[in-house]
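*Asks:* Structure provided below as structure tokens; questions to follow.
The values are calculated or read from the model by the stated rules, or taken from the named source; none is laboratory data. Keep in mind that this is a model prediction, so the values were computed, not measured. Don't worry about glycine lacking a Cβ; one is built from the backbone with ideal geometry, like all the others, and counts go over all protein chains shown.
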């Protein structure tokens, strides 16, 4: 069981872990021990998350979100399988916590009178400079 907040916990049936051999340094250990962790969370089927949270989680997860609505995290940061497992679970919890925060609605603003006047004054100045260019008569 994975605890996200006081109210939200993810059940074990929603999480699937598989272990593979990690890449990178590790000597003989890397060839023998399966330390890399692939954590799969069935987010679309989760009864603990609301529809809006699932939508935000999909946006946050990006490429980690699969077509069938699962979040897949692959961790091979350390040589320890247990530590990689902890890291993957913590990353998933952070993603879900970020998705729980509702974004503040954007309120459109209008430019101030002074900023509009400054913009127009600048445009007029530029127009005068350009008008002064060209062929000289006389």
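*Asks:* Quick one: would you say residue 34 is loosely packed, with under 15 Cβ neighbours inside 10 Å, in contact (Cβ under 8 Å) with a residue 40 or more places away in the chain and closer than 17 Å to residue 100 by Cβ? Can you show your working first?
*Replies:* Values: loosely packed, with under 15 Cβ neighbours inside 10 Å: yes; in contact (Cβ under 8 Å) with a residue 40 or more places away in the chain: yes; closer than 17 Å to residue 100 by Cβ: no.
Considered against the rule, which asks whether it is loosely packed, with under 15 Cβ neighbours inside 10 Å, in contact (Cβ under 8 Å) with a residue 40 or more places away in the chain and closer than 17 Å to residue 100 by Cβ, residue 34 comes out as no.
*Asks:* Any idea which of 61, 88, 22, 43 is modelled with pLDDT of 85 or more, outside any helix (DSSP H, G or I), touching a strand residue (DSSP E or B) at 6+ places or on another chain (Cβ under 7 Å) and buried (at least 18 other Cβ atoms within 10 Å of the Cβ)? Spell out the reasoning first.
*Replies:* On the way: 61 fails: outside any helix (DSSP H, G or I); 88 fails: outside any helix (DSSP H, G or I); 22 fails: modelled with pLDDT of 85 or more.
So the residue among 61, 88, 22, 43 that is modelled with pLDDT of 85 or more, outside any helix (DSSP H, G or I), touching a strand residue (DSSP E or B) at 6+ places or on another chain (Cβ under 7 Å) and buried (at least 18 other Cβ atoms within 10 Å of the Cβ) is 43.
*Asks:* Can you tell me which residues in region 103-131 are at pLDDT 90 or above and assigned to a loop (DSSP other than H, G, I, E, B)?
*Replies:* 104, 105, 106, 107, 108, 109, 110, 111, 112, listed by residue number.
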